[in-house]
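The values are calculated or read from the model by the stated rules, or taken from the named source; none is laboratory data. Everything quoted here is computed from the prediction, not taken from an experiment. All Cβ positions, glycine included, derive from the backbone under ideal geometry; neighbour counts span all protein chains shown. For the accessible areas, the whole protein counts, side chains as well, though only heavy atoms, and no ligand, DNA or RNA atoms are used. Shrake-Rupley method; radii C 1.70, N 1.55, O 1.52, S 1.80 Å.
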Amino acid sequence: AARTAGVQVVTGDTKVVEQGKGDGVFITTTGVGVVDPALVIGGERARPGDRILVSGPIGDHGMAIMSLRESLAFDTEIVSDSAALHGLVAAMIEAAGAQTRAGRGIKVLRDPTRGGLATTLNEIAAQSGVGMMLEEAAIPVRAQVAAACEFLGLDPLYVANEGKLVAIVAAEDSERVLAAMRAHPLGAESALIGTVTEDANRFVQMSTRFGGRRIVDWLTGDQLPRIC
């Protein structure tokens, strides 16, 4: 994983636990990097009219972990999407060019981990003071993940991801950024899934496949046992 991400493992750590309570290997990680101070990206920067992009199918990681923990067997294998996304992000920023530095281009970048896509979008809506309208048919979910969620009574919108990102991008730059995402191996299945709206209530809503509309609310409690 370190070779794939282009990083070095340079240190280690020790941990003391009660005898018999350690269940294997404990891994401690520290990321050290540099953020370009000229980039203007933050959770409070979404504005009405911006587009909502996701870098691929959601729910893979959470359902992979759940199936292993609960020894569930499905007809097709569900594999974790865990991946290092710095290369994808760099490609997106390059595609947006100077626009992101000028306050347009890519407005928000976020990883939809605990609480899944739904909770992540609610967090951004709250930070930016906006609403969001999603298109259910546009949100990518693998068939096996959808089937497993249906079997277990779960909603893939709230299932954790480890190798996906959500981006809020200015409308005029969204197609260019989306094309760059799809050209990258970790963003080949990227999709435009909705639009930021003006809404004093800061609601995240979704237009369903049946032509209706529903509120996509915050996750209350943990839909799955904590996995990260």
Where in segment 84-185 are there helices (runs of 4 or more DSSP H), lying fully within it, with 3 or more residues that are over 17 Å from Met66 (Cβ atoms) and in contact (Cβ under 8 Å) with a residue 12 or more places away in the chain? 86-96, 98-101, 116-128, 171-182
Could you give me the residue pairs with C-beta distances under 9 Å whose first residue belongs to segment 201-227 and is over 12 Å from Met132 (Cα atoms) and of a type in the set (D, E, K, R), whose second residue is at pLDDT below 90 and open to solvent by 50 Å² or more (accessible area, probe 1.4 Å) wherever it lies, and which are 6+ apart or on separate chains? Asp222/Arg114; Arg226/Arg114
Would you mention how many residues in segment 171-195 are closer than 12 Å to Ala95 by Cα and surrounded by fewer than 18 Cβ atoms within 10 Å (Cβ to Cβ)? 5
Exactly one of (1) in contact with a helix residue (DSSP H, G or I) (Cβ under 7 Å, 6 or more places away or on another chain); (2) closer than 30 Å to Ala148 by Cα is unmet by Gly24. Its number? (1)
Could you look through segment 54-97, keep only residues that are in contact with a His (Cβ under 6 Å, 6 or more places away or on another chain) and either under 18 Å from Ala191 (Cα atoms) or modelled with pLDDT of 95 or more (or both), and pick out the one that is surrounded by the fewest Cβ atoms within 10 Å (Cβ to Cβ)? Ala91
